[in-house]
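Enquirer: Quick one: structure below, then a few questions.
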Amino acid sequence: MGGDMKVLNALDSAKTQWYHFTAIIIAGMGFFTDAYDLFCISLVTKLLGRIYYHVDGSSKPGSLPPNVSAAVNGVAFCGTLAGQLFFGWLGDKMGRKKVYGMTLMLMCICSIASGLSFSRDPKTVMATLCFFRFWLGFGIGGDYPLSATIMSEYANKKTRGAFIAAVFAMQGFGILAGGIFAIIISAAFEASFKAPAYQVDPLGSTVPQADYVWRIILMVGSLPALLTYYWRMKMPETARYTALVAKNVKQATADMEKVMQVDIGTEQKEPAAVSTVKSGNEFGLFTKKFLRRHGLHLLGTTSTWFLLDIAYYSQNLFQKDIFSAIGWIPAAKTMNAIEEVQKIARAQTLIALCSTVPGYWFTVFLIDRIGRFTIQLIGFTMMTVFMFALAIPYHHWTLPGNHIGFVVLYSLTFFFANFGPNATTFVVPAEIFPARLRSTCHGISAACGKVGAMVGAFGFLYLAQPQDKSKADAGYPAGIGVRNSLIVLGVVNLLGLFFTFLVPESKGKSLEEMSRENEDSTEERADNKTVPV
């Protein structure tokens, strides 16, 4: 084994140590922030409609026009998609660590800025919000490939899946924190500024102070990221990047000896020199060799993430609409503006607490026991089953007294999304591609997921409208109804199940084994022996 492989073997066989948990917390807080920032918008969109789009004399509270709602909900995903591709590529070019701090600062600044606006004119407020949420998404996008790649390259092969999944599981706590904070803020404002229901006093139901509620909720998202910035900057570059891409085995060994507090040994100078020879096996992304080795893998990771996110994000962003449709959240006109925020936040927090968070941690505990492939297969299968169980007897669920059954089944689709493809689609691309293309390929896979999220965010907004145009929300065309929309999501999950068969199992294998880089280094050494010195 070459000198570069010695440090990698030390990483693969290392016992679980404190630095593993430090890395999980540092990378995980980024994901905590990502989830808070991405999903807290769904808590305040109805409030924004009431504040800025009130129509005098209307029987319903104001709501965001279709194009504004689509922009507010989806613009962060456009930024995320661009960030995943850009920072994914940059992470392979400049190194994981150098780029890691940039993404975090961008998230902090834009999170604060999205709660500010330059006037009280609806167009200006929404334009400012959308502008900063795009750049917030851009920073969040960079966190996906970098966090996954850093964690996979730090971890040992025995518990690698659990460590990467634990970073991603912080998303669940981010969603939960968003809901809990929204409940606390809305309760405080509700107690301080009493207001009648909309049907009693349309204008008086939205107190002027309600404008602070959505701003505070959005801006608080910067705090967890700020808290971990210093530790992110202190992390050394991953040994796999330093050894395999930067070709500095000595530095990689020194970094890992310091981090793991063990003596790996740097006396093998000859292999380190060999590793600087440019290998013919260093194929690029757009080559026949990559297509032959990893083409189907990339198709598997991109397609499954795309299909999952259509279902996952449409469910997550429009929970409030589904809960309103089945009557779990009272009719908007029976509440004042701040009370509505509280009711929506309570419903989303309950779902997160009972199904989203447990689903993530089931994956963490079981992924290295039963494997990525099995978890993804179970997840897509159960999501399909529950989605059809909600959709086919949909009328039954809307009848009084049946709401609890609907919410239980709906929660189970979230549980199996997170104990399933939502976690595994994040883990696998960080394990199966070569080190020099790992961050890029993870970024491409994640960006395809965000295309799915945009299809879910924009598509579901229109599809779920009632088939009778007179019952649709103001400004929307007639849709296919919630029932048919749920059937469409069921079919999407079924397709995800089939595409899972393109994704290889990486349980218990080293990163070099999965990407076949160990074969490349063996071939390289054989070639070098035949070259006259």
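Enquirer: Which one is modelled with the lowest pLDDT among residues in the stretch 250-299 that are assigned to a loop (DSSP other than H, G, I, E, B), open to solvent by less than 30 Å² (accessible area, probe 1.4 Å) and under 30 Å from Lys15 (Cα atoms)?
Expert: Ser275
Enquirer: Same structure, new question: Being polar (S, T, N, Q), part of a helix (DSSP H, G or I) and more than 20 Å from Gly79 (Cα to Cα) is the filter here, so list the residues in the stretch 10-46 that pass it.
Expert: Residues of the stretch 10-46 polar (S, T, N, Q): 13, 16-17, 22, 33, 42, 45.
If we keep only those that are part of a helix (DSSP H, G or I) as well, we get 13, 22, 33, 42, 45.
Residues satisfying the conditions are Ser13, Thr22.
Enquirer: Within the stretch 62-96, how many residues turn out to be buried (at least 20 other Cβ atoms within 10 Å of the Cβ) and basic (Lys, Arg)?
Expert: The total comes to 1.
Enquirer: Let me ask something additional. Can you name the helices (runs of 4 or more DSSP H) wholly within the stretch 477-533 that have at least 2 residues being open to solvent by 30 Å² or more (accessible area, probe 1.4 Å) and modelled with pLDDT under 85? Give the derivation first.
Expert: On the way: elements: 481-499, 511-515, 517-530.
Result: 517-530.
Enquirer: Moving on. Do any residues in the stretch 231-248 that are without any contact (Cβ under 8 Å) to a residue 12 or more places away in the chain and farther than 14 Å from Thr149 by Cβ have Cβ atoms under 8 Å from those of residues that are buried (at least 20 other Cβ atoms within 10 Å of the Cβ) and not aromatic (Phe, Trp, Tyr), where the two are at least six apart or on different chains, and which pairs are they?
Expert: These pairs meet every condition: Asn248/Thr242.
Enquirer: Could you tell me which numbered condition Val451 fails, if it satisfies all but one of (1) touching a Pro at 6+ places or on another chain (Cβ under 6 Å); (2) at pLDDT 85 or above?
Expert: (1)
Enquirer: Looking for something surrounded by fewer than 18 Cβ atoms within 10 Å (Cβ to Cβ), of a type in the set (S, T, N, Q), modelled with pLDDT under 90 and more than 20 Å from Ser42 (Cβ to Cβ) - is there at least one such residue anywhere in the stretch 121-140?
Expert: No, the stretch 121-140 contains no residue that is surrounded by fewer than 18 Cβ atoms within 10 Å (Cβ to Cβ), of a type in the set (S, T, N, Q), modelled with pLDDT under 90 and more than 20 Å from Ser42 (Cβ to Cβ).
Enquirer: Go through Ala337, Ala347 for me and flag whichever is at pLDDT below 90 and touching a helix residue (DSSP H, G or I) at 6+ places or on another chain (Cβ under 6 Å). Don't jump to the end; show me each part of the working.
Expert: On the way: Ala337 fails: at pLDDT below 90.
Sole residue among the options that is at pLDDT below 90 and touching a helix residue (DSSP H, G or I) at 6+ places or on another chain (Cβ under 6 Å): Ala347.
Enquirer: Being among the small types (Gly, Ala, Ser), closer than 26 Å to Gly449 by Cβ and in a helix (DSSP H, G or I) narrows it down to one of Gly91, Gly49, so name that one.
Expert: Working: Gly49 fails: closer than 26 Å to Gly449 by Cβ.
Only one candidate passes the filter, namely Gly91.
Enquirer: Which pairs turn up if I take residues in the stretch 367-395 that are more than 17 Å from Thr500 (Cα to Cα) and look for partners that are surrounded by fewer than 17 Cβ atoms within 10 Å (Cβ to Cβ) and among the charged types (D, E, K, R) with beta carbon separation below 9 Å, at least 6 apart in sequence or on another chain?
Expert: Correct list of pairs: Asp368/Lys158.
Enquirer: Hey, any hits in the stretch 95-115 for a residue that's touching a Lys or Arg at 6+ places or on another chain (Cβ under 7 Å) and over 22 Å from Ser152 (Cα atoms)? Even if it seems obvious, please write down each step before you answer.
Expert: First, the residues of the stretch 95-115 that are touching a Lys or Arg at 6+ places or on another chain (Cβ under 7 Å): 100-101, 104, 114-115.
Adding the requirement that they be over 22 Å from Ser152 (Cα atoms) leaves 114-115.
Within the stretch 95-115, one or more residues are touching a Lys or Arg at 6+ places or on another chain (Cβ under 7 Å) and over 22 Å from Ser152 (Cα atoms).
Enquirer: Within the bounds of the stretch 441-454, is there any residue that is without any contact (Cβ under 8 Å) to a residue 60 or more places away in the chain and on the phi < 0 side of the Ramachandran plot?
Expert: The answer is no; no qualifying residue exists.
Enquirer: Suppose we filter Ala197, Ala187, Ala177 for residues that are in contact (Cβ under 8 Å) with a residue 60 or more places away in the chain, in a loop (DSSP other than H, G, I, E, B) and surrounded by fewer than 24 Cβ atoms within 10 Å (Cβ to Cβ); which single one remains? Quick ask: steps written out before the conclusion?
Expert: Numbers: Ala187 fails: in a loop (DSSP other than H, G, I, E, B); Ala177 fails: in a loop (DSSP other than H, G, I, E, B).
Checking each option against the conditions leaves just Ala197.
Enquirer: Specify which of the listed residues (Lys46, Lys15) is touching a helix residue (DSSP H, G or I) at 6+ places or on another chain (Cβ under 8 Å), of a type in the set (Lys, Arg) and open to solvent by 10 Å² or more (accessible area, probe 1.4 Å).
Expert: Lys46
Enquirer: Among Ala447, Ala389, which is the only one that is open to solvent by less than 20 Å² (accessible area, probe 1.4 Å), aliphatic (A, V, I, L, M) and either in contact with a helix residue (DSSP H, G or I) (Cβ under 7 Å, 6 or more places away or on another chain) or farther than 18 Å from Leu307 by Cβ (or both)? Show your work before the answer.
Expert: Numbers: Ala389 fails: open to solvent by less than 20 Å² (accessible area, probe 1.4 Å).
Result: Ala447 is the single residue among Ala447, Ala389 that is open to solvent by less than 20 Å² (accessible area, probe 1.4 Å), aliphatic (A, V, I, L, M) and either in contact with a helix residue (DSSP H, G or I) (Cβ under 7 Å, 6 or more places away or on another chain) or farther than 18 Å from Leu307 by Cβ (or both).
Enquirer: Return the residues of the stretch 97-108 that are of a type in the set (Lys, Arg) and surrounded by fewer than 18 Cβ atoms within 10 Å (Cβ to Cβ); say none if nothing qualifies.
Expert: Initially, the stretch 97-108 is screened for residues of a type in the set (Lys, Arg), giving 97-98.
Lys98, the sole residue that qualifies.
Enquirer: What residue, of Phe433, Phe406, Phe426, is assigned to a helix (DSSP H, G or I), under 28 Å from Ala166 (Cβ atoms) and modelled with pLDDT of 80 or more?
Expert: Numbers: Phe433 fails: assigned to a helix (DSSP H, G or I); Phe406 fails: under 28 Å from Ala166 (Cβ atoms).
Criteria check complete, one pass: Phe426.
Enquirer: Of the residues Ile378, Ile344, Ile367, which is farther than 29 Å from Ala197 by Cα and either crowded, with 24+ Cβ neighbours inside 10 Å or charged (D, E, K, R) (or both)? Write out each step before concluding.
Expert: Values: Ile378 fails: either crowded, with 24+ Cβ neighbours inside 10 Å or charged (D, E, K, R) (or both); Ile344 fails: farther than 29 Å from Ala197 by Cα.
None of the other options fit; the residue is Ile367.
Enquirer: I'd like the residue in the stretch 200-220 that is surrounded by fewer than 19 Cβ atoms within 10 Å (Cβ to Cβ) and under 29 Å from the mean Cα position of the chain (by Cα) and, out of all such residues, is nearest to His54 (Cα to Cα).
Expert: Only one residue tops the list, namely Asp211.
Enquirer: Now, a different point. Is it the case, given these coordinates, that Leu223 is in a helix (DSSP H, G or I) and either surrounded by fewer than 18 Cβ atoms within 10 Å (Cβ to Cβ) or at pLDDT 80 or above (or both)? Working first, answer last.
Expert: Details: in a helix (DSSP H, G or I): yes; either surrounded by fewer than 18 Cβ atoms within 10 Å (Cβ to Cβ) or at pLDDT 80 or above (or both): yes.
When the stated conditions are applied, Leu223 passes them.
Enquirer: Among the residues of the stretch 226-249 satisfying the criterion of being among the polar types (S, T, N, Q) and open to solvent by less than 60 Å² (accessible area, probe 1.4 Å), which is farthest from Ile25 (Cα to Cα)? Give the derivation first.
Expert: Narrowing the stretch 226-249 to residues among the polar types (S, T, N, Q): 228, 238, 242, 248.
Narrowing further to those that are open to solvent by less than 60 Å² (accessible area, probe 1.4 Å): 228, 238, 242.
Numbers: Thr228: 9, Thr238: 16, Thr242: 22 Å.
Checking each candidate, the answer is Thr242.
The values are calculated or read from the model by the stated rules, or taken from the named source; none is laboratory data. None of these values were measured; they are calculated from a predicted model. FYI the Cβ positions are ideal-geometry reconstructions off the backbone, even for glycines, and counts take in every protein chain you see. Surface areas here come from the heavy atoms of the whole protein model, side chains and all, with no ligands, DNA or RNA. Shrake-Rupley method; radii C 1.70, N 1.55, O 1.52, S 1.80 Å.
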